[in-house]
Structure formats: C-alpha cells, structure tokens
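Enquirer: Below you will find the structure I want to go over with you.
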Amino acid sequence: MKGKLFFVINTLQGGGAERVVSTLAGYLQQRNYAVHIICLNYAESSYTIPQEIKVIYLIDRRANSVFYRLYYAALTGCKLVNLLITEKPIIVISFMTSANLWTGITCLLTRTPYIVSERTTPDHTLNQFGSFLKWITFVIYSKAKAVVLPSRGIALALKKIKAFQHLINLVVIKNPVTIFTSFSNQRVHSSKFILGVGRLSYEKGFDQLIEAYASIKSTDTDLLIAGEGIELEALRKQVDSLQLGSSVQLIGSKTNLQDYYHQAEVFVLPSREEGYPNALIEAMSIGCPSIAMDCEFGPSEIINHGKNGLLIQNKSIKKMSESIFKVLSDPVLKAKLAVNARLINQTNALDVISAKWEKIIEDL
C-alpha cells in the first residue's frame, strides 16, 4: 500500500468537480492507495464509488439558522481535525473553494500536506471575498503543495486578482475523459436530435440553445436537454412561449448519457461560463460532432475550430443557430468533426491525467 489519501469535497451530487473526484479516486485506489472521500455535507451520491473507497459524511444539515450554521461549522472543523489526527493521510486533496478553505485550515493545524483545486471562474468564488478573506485564502493556497486548476484560463484569471498575484504553486491539469464501457442498441429517442447536457442553471445557457434551435425551424430534428436544476420551470415556459411543443424536451438526468452522445446528430455547449466542461469532452470522446460557445473558461482549450469541433462567438445566438444548421446540413463536415473529436481520448486519457496528479502526490 502506497499510503492513505483523503479527497475532500462538499458532496458527491452531480457536477464536474464531483465527477473528477470520483474518477480520480477510483484510479488512485487501483494504483494501490488507500482512498477516503470526505464529504463535508451529506447528500446522495450521483456517481458509483468502488466499494474499496471509504466515503465519510461529516454532517447532515437539517436547519439553516444562524445558530445551526455556527454549530455545523464547529462540528465540521472538529470532525475533520479528528479524522486527520486519527487516520494520518499522507496528503489531502480538496476540490472547490469552501472545501479548500476547510482543508487548508485543518491541515495547517495538524501539519498535514494538502493540495487545493479551484474548478470554476474566480468571479463566482474568490472575487466575491472581501480583502481580509482573500488574504486568508492566499495564505492557505500559498502553503498548499499545489493549487490545481483545470484550464489555463482559470490560472490567468486567478493571477489577475491582486491578492493572488504572487502564488507560485499553480498547476494546470485538465479533466480526464469519462470511460464509457457499453452502448445500447436501442434508440433513446424516436427522432433525430440535437443534444445539450448540464446543470439547468443560468450560467449553462440552455435558454440560448432553445432560442437558437427555435430560429432553425427544424421539422425533423428535435432538441433534447439532459440535466436538472433551478432553471427547469423557466426553460419550460420558454419552450411554451416559443411554441416549440414536443420538439424540445427537458429529459432530466440520465445514467446512460453515453447512448445520447452516441446517437445525437450534434452536441451543443451553450454555456455563458465554464471551468473545463466535462460534458463537451464526453461528447467528443464518443465522436459526437460538437459546438461550443467560446466562453470563459475551457472550450477554447478543447476545440480547434473547424477541425475537432466548432467554436462560436460567446453569447451569439445567431452564430449558434448557424453552426447547428451547418453541421446538420453538411455530412462531410459532420464526419470530419466526429473523427477528429475522438482524439481527445488520447490527450485527456484517464491514465495520462491521473499520472499528473500522482506525480504531485509522490513528489512529497
């Protein structure tokens, strides 16, 4: 056994960071590490975790008053410190800002090596902090073995924040491609379809995709959007207001996404912002012709426009509709994008990406 590793994250509910944690934990467990996943809060996992990996939930929040927030904070800190003292991991790896702060504080108290990883734009995390909390975060991040980021864009954005300009331990490691092992022979939808996948939230831009689809006026190709989130009702109302009927379907979360990627005519990532979009690399890995908004961050580091996908002007619904129509109506372009998209299985292969994480771990 090489040693005990802790991953710390808020929950294992659906999300890009959660998928990376579950995938990376499984790989490192196979590499003979004793892996524990520490979830700060209890929530049902959206991912299958190998039985050999121990998942520990620190608290189960049932109230949100000021008193209970203080109580849960104290309980979280105490439980995490106790785990570090009793289990003595060789290193702790945390994902997302709040988990990074808890990890940094408790690891500094217990003198445990740690790695932190930011996964999204700093505008929604670190840039929201006041000066004092930014300074505290800088101290925590500067003492980490590494600050791992999924894209160069996030690294550059982080360095633009005055409090973080002097960080010298930034490391960019892309997200690994999810390995899909089987495909169904049965059709997942009765008609040809365009596919969108992701959390139904404003930043994911599915309202833009629905508007672009409406302007195409397709009669034989539907639009399917897989995912759940707070924008569900708003998107349903948009579909009704545009009189799109059953040609646009919000199909919820799916456990067989590989079949949807495999059967889709084209995959579209309409996001207003990203960290490093897992859905895009999943679609490309299966050979689904893909279109993505050139948003911050990630798509421009994944798509080589016109070769392995189409990268369109950010927030341009007109360009999105034109690009969708172009792929649907040009079989030669569609085939070219599909073939070249699969090359991401080499650049983002799980063993390639995981080896970079393991190198940081082993360079203790």
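Enquirer: I need the peptides 222-228, 345-351, 193-199 ranked by packing, meaning the mean over residues of other C-beta atoms within 10 angstrom, with the highest value on top.
Expert: Most protected by this proxy first, the peptides run 193-199, 222-228, 345-351.
Enquirer: Also, I was wondering about something else. Work through the residues other than Ala279 whose Cβ is under 12 Å from its Cβ and net out their charges, Lys, Arg +1 and Asp, Glu -1.
Expert: With Lys, Arg at +1 and Asp, Glu at -1, the net is +2.
Enquirer: Follow-up. Give the separation of the Cα centroids, segment 222-277 to segment 135-156, in Å.
Expert: Centre-to-centre (Cα) distance: 33 Å.
Enquirer: List the trypsin sites (Lys or Arg not before Pro) within segment 289-319 that DSSP assigns to loop and that have no more than 16 neighbouring Cβ atoms inside 10 Å.
Expert: Hits after loop and neighbour filter: Lys307, Lys315.
Enquirer: How big is segment 93-185 along each principal axis, measuring the range of its Cα positions in Å and listing the largest first?
Expert: That gives 57, 31, 21 Å along the principal axes, largest extent first.
Enquirer: Continuing with the same structure: Show the residues, 5+ positions off or on another chain, whose built amide H is closer than 5 Å to the amide H of Gly309.
Expert: It is Asn304, by chain and number.
Enquirer: Separate question: Tally up the carbon and sulfur contribution to the accessible surface of the chain as a whole percent, 1.4 Å probe, everything protein left in place.
Expert: Roughly 52 percent, rounded to a whole number.
Enquirer: Right, another one. Once you have the Kirkwood Rh of segment 44-95 from its Cα pairs, apply Stokes-Einstein at 10 °C and 1.306 mPa s and quote D in µm²/s.
Expert: Estimated diffusion coefficient is 120 µm²/s.
Enquirer: If you don't mind, another one. For the chain, what does -39500 (n - 2.57) per DSSP helix run (n ≥ 4), summed and divided by total residues, give at 222 nm, in deg cm²/dmol to the nearest 500? Please list the in-between numbers first.
Expert: Numbers: 14 runs with 154 residues, N = 364.
Roughly -13000 deg cm²/dmol at 222 nm, from the helical runs in the chain.
Enquirer: Name the aspartates and glutamates eligible as straight-distance cross-link partners of Lys160: C-alpha to C-alpha under 17 Å, and not fewer than 8 places from it in the same chain.
Expert: Reachable aspartates and glutamates: Glu118, Asp123, Glu296.
Enquirer: Run through all the Cα pairs of the chain and give the fraction in each 10 Å bin from 0, expressed as whole percent.
Expert: Going from the shortest bin to the longest, the percentages are 5, 23, 31, 24, 13, 3, 0.
Enquirer: Hey, got a sec? Which GluC sites (Glu not before Pro) in segment 1-80 land in a DSSP loop and have at most 15 other Cβ atoms within 10 Å?
Expert: Of the GluC sites (Glu not before Pro), the ones in loops of segment 1-80 whose Cβ has at most 15 other Cβ atoms within 10 Å are Glu44, Glu52.
Enquirer: Under 18 Å between alpha carbons, and skipping anything fewer than 8 positions from Lys79 in its own chain: which lysines qualify?
Expert: Lys4, Lys54, Lys88
Enquirer: Once each part is reduced to its C-alpha centroid, what is the distance from segment 333-364 to segment 45-115 in angstrom?
Expert: Using only Cα atoms, the two centres lie 29 Å from each other.
Enquirer: Once you have a ≥ b ≥ c as the square roots of the Cα gyration tensor eigenvalues for segment 1-133, tell me rounded if a/c is under 1.5, and otherwise prolate or oblate according to whether a/b is larger than b/c. Intermediate values should be presented prior to the final figure.
Expert: Working: a/c = 1.43, a/b = 1.35, b/c = 1.06.
It comes out rounded by the Cα gyration axes.
Enquirer: Right, next: So how do 286-292, 210-216 stack up, highest first, on mean other-Cβ count within 10 Å?
Expert: 286-292, 210-216
Enquirer: Sticking with this structure for a sec: Probe of 1.4 angstrom, ligands and nucleic acids ignored: what's the accessible area per residue over the chain, in square angstrom? Intermediate results must be reported in sequence, preceding the final value.
Expert: Details: 17080 Å² over 364 residues.
Roughly 47 Å² per residue, with all protein chains present.
Enquirer: Right, next: At R0 = 41 Å, how high is the FRET efficiency between Leu70 and Ser46 if r is their beta carbon distance? Nearest 0.05 is fine.
Expert: 0.90
The values are calculated or read from the model by the stated rules, or taken from the named source; none is laboratory data. Bear in mind that the values here come from a model prediction, so they are computed numbers and not experimental data. When we count neighbours, we look across all protein chains shown, and the Cβ atoms used for this are built from the backbone with ideal geometry, even at glycine. Heavy atoms of the whole protein, side chains included, go into the accessibility calculation; ligands, DNA and RNA do not. Shrake-Rupley method; radii C 1.70, N 1.55, O 1.52, S 1.80 Å.
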